[in-house]
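Novice: Structure in structure tokens, see below.
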Amino acid sequence: MKKTILISAALLAMPFASAQAQSAFDKMMKAGFEAKGQAGLDRINQDATQKFCSDAKNLTDEKTGAKRAEIEKINMATIKQPSDGKYIGDWKSGERIAQSGRGATWTDKPDSAVGGGCYNCHQINKAEISHGNIGPSLWNYGKMRGYSKEVVEYTWGRISNSKAYNACSNMPRFAHFKLLNEKQIQDVMALLLDPQSPVNK
């Protein structure tokens with residue numbers, strides 16, 4: 001009987017502990033950031049996707065599968081196809097965007113171009129020896145996967161909003177947060193999918 005009471009008390013305390021942890025997290029975020037230049041405090045306001053993925057238990061708990069699917073569906077609905085119907089731009093410009101990690105910081109002007117910083121996480125062109133490995137290698141991306149409509153649309157969606165495919169993906173939601181514009185995404189697409197791009201040689 002005593003054991004049952006202790007277990008029940010522990011279960012009742014769990015939501016309170018979770019709320020306390022969230023409150024501590026919110027306080028830490030507010031204390032650790034200040035508004036400066038174009039980087040306002042609105043950046044620390046999490047949407048439903050970010051809140052879900054900031055809770056460590058949601059990353060491993062198999063019971064959250066339905067919620068993950070719901071989050072992916074919500075993010076999928078935000079993906080817009082190119083307004084001019086063209087998915088592939090200029091791979092040379094795409095390489096510059098992939099190389100650049102500048103933009104959107106408090107030291108940048110609001111109208112300055114934002115880079116993709118793709119090499120921070122991926123190997124792309126083997127000519128670049130400095131790259132991260134958080135994400136998969138994208139070397140020979142098109143050559144290995146082909147250039148079908150399905151591959152092109154998937155790649156567009158993945159760059160636009162990766163959380164449509166993996167709720168807690170580490171990849172930034174480039175179109176969703178307007179980090180890259182449509183033309184920039186077309187150019188990054190070309191880097192990955194243009195047969196003339198060095199990535200596919």
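The values are calculated or read from the model by the stated rules, or taken from the named source; none is laboratory data. All values derive from a computational prediction rather than experimental measurement. Glycine also receives a Cβ, built like all others from the backbone with ideal geometry; neighbour counts cover every protein chain displayed. These accessible areas exclude ligands, DNA and RNA; they are computed on the full protein's heavy atoms, side chains included. Shrake-Rupley method; radii C 1.70, N 1.55, O 1.52, S 1.80 Å.
Novice: Give me the percent of Cα-Cα pairs in the chain that sit more than 30 Å apart, rounded to a whole number.
Specialist: 34 percent
Novice: Here is a follow-up. Counting only protein heavy atoms, what percent of the accessible surface of the chain is carbon or sulfur at a 1.4 Å probe?
Specialist: After summing per-atom areas, the C and S share lands at 59 percent.
Novice: Out of residues 5 or more away from ASN125 or on other chains, whose amide H comes under 5 Å of its own, with H placed 1.01 Å from N in the peptide plane?
Specialist: none
Novice: For the chain, just give the cysteines left without a disulfide-compatible partner, judged by no other Cys Cβ under 4.7 Å.
Specialist: Cysteines lacking a close Cβ partner in the chain: CYS118, CYS121.
Novice: For LYS86, LYS73, LYS67, write out the residues from largest to smallest accessible area, computed with a 1.4 angstrom probe and no ligands counted.
Specialist: Of LYS86, LYS73, LYS67, the descending order of accessible area is LYS73, LYS86, LYS67.
Novice: On full extension of the chain, what length is gained from GLN22 through ILE74, given 0.36 nm per residue of separation minus the C-alpha to C-alpha distance?
Specialist: 16.4 nm
Novice: Tell me which chymotrypsin sites (Phe, Trp or Tyr not before Pro) from region 51-140 have a DSSP coil assignment and no more than 13 other beta carbons within 10 Å of their own.
Specialist: TRP106
Novice: Can you figure out the FRET efficiency of LYS57 with LYS183, using R₀ = 30 Å and their beta-carbon distance, to the nearest 0.05?
Specialist: Once the sixth-power term is evaluated, E becomes 0.15.
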